[in-house]
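Chemist: Right, I'll just put the structure down here and ask away after.
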Amino acid sequence: MAKPSGSSFSRRAPDNITEELVAILSSKTAYEFKPLFDIILANLRERNAASGGEEMLRLRCYEKLQSLVSQGAVDRKVNGIVKKYKGVPARLAALGAEQKVLRAEWDQRALDKAAAAAAN
């Protein structure tokens with residue numbers, strides 16, 4: 001049976017990696033990818049949100065970082081073979097606000113679901 005056209009799954013879950021990237025790159029410091037990834041990995045492990053193995057997480061993190069670069073939220077400076085990434089404050093503030101709203105909606109949905117399960 002074919003899926004009707006026009007219907008799709010639109011609910012997005014909060015993205016832990018993007019949240020961490022936005023939080024870290026909101027500072028005025030420029031980072032190379034390896035130190036940036038080390039900070040993100042430590043933060044995700046602290047939140048118990050690192051899953052899928054370190055190499056897969058590294059790949060997803062790099063992909064998200066490149067997505068932020070293409071959106072204009074992060075500047076990439078290349079000096080020889082060294083690439084440094086620095087956040088664009090205005091763009092990251094808007095992205096951070098969007099992430100907070102999404103996280104709040106997701107948390108509220110989880111609380112409502114738990115309350116409904118407790119009521120039954």
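Chemist: Using only Cα atoms, tell me the angle between helix 54-71 and the longest principal axis of the chain; keep it within 0 to 90° and round to the nearest 10.
Modeler: Helix 54-71 sits roughly 80 degrees off the main axis of the chain.
Chemist: A further question follows. Provide the net charge surrounding P89, with neighbours chosen by a C-beta distance below 12 Å and charges set as Lys +1, Arg +1, Asp -1, Glu -1.
Modeler: Spelling it out: positives minus negatives among the neighbours equals +2.
Chemist: Around K77, what is the net charge, scoring Lys/Arg as +1 and Asp/Glu as -1 over all other residues with Cβ under 14 Å from its Cβ?
Modeler: +3
Chemist: Continuing with the same structure: Relative to the Cα centre, what is the charge dipole magnitude of the chain, using +1 at the beta carbon of each Lys and Arg, -1 at the beta carbon of each Asp and Glu, and rounding to the nearest 20 debye?
Modeler: Dipole of the chain, to the nearest 20 debye: 300 debye.
Chemist: Within 10 Å, count the other beta carbons around each residue, average over each peptide in 60-67, 47-54, and list them highest first.
Modeler: Highest to lowest by the protection proxy: 60-67, 47-54.
Chemist: Using Cα pairs under 8 angstrom and six or more residues apart, how large is the relative contact order of the stretch 27-116, in percent? Could you put the intermediate results ahead of the total?
Modeler: On the way: 53 pairs, mean separation 26.4, N = 90.
Computed over the stretch 27-116, the figure is 29 percent.
Chemist: Moving on. Which of the peptides 21-28, 103-110 is most tightly packed, and how do the rest follow, judged by the mean count of other Cβ atoms within 10 Å per residue?
Modeler: 21-28, 103-110
Chemist: Which angle from 0 to 90°, rounded to the nearest 10, does the C-alpha axis of helix 33-46 make with the longest principal axis of the chain?
Modeler: The answer is roughly 30 degrees.
Chemist: Sticking with this structure for a sec: Once both axes come from the Cα atoms, what is the angle between helix 89-119 and the longest principal axis of the chain, in degrees from 0 to 90, rounded to 10?
Modeler: Compared with the principal axis, the helix lies near 30 degrees.
Chemist: Sort largest first and round to whole Å: the equivalent ellipsoid semi-axes of the stretch 16-119, each the square root of five times a Cα gyration tensor eigenvalue. Show your work: numbers first, answer last.
Modeler: Details: eigenvalues 173, 56, 20 Å².
In descending order, the three semi-axes are 29, 17, 10 Å.
Read-outs throughout are calculated quantities, based only on the coordinates presented, and are distinct from any laboratory measurement. Just so you know, these numbers come straight off a predicted model, no measurement behind them. Neighbour counts are summed over all protein chains in view; Cβ atoms, including those assigned to glycine, are modelled from backbone coordinates with ideal geometry.
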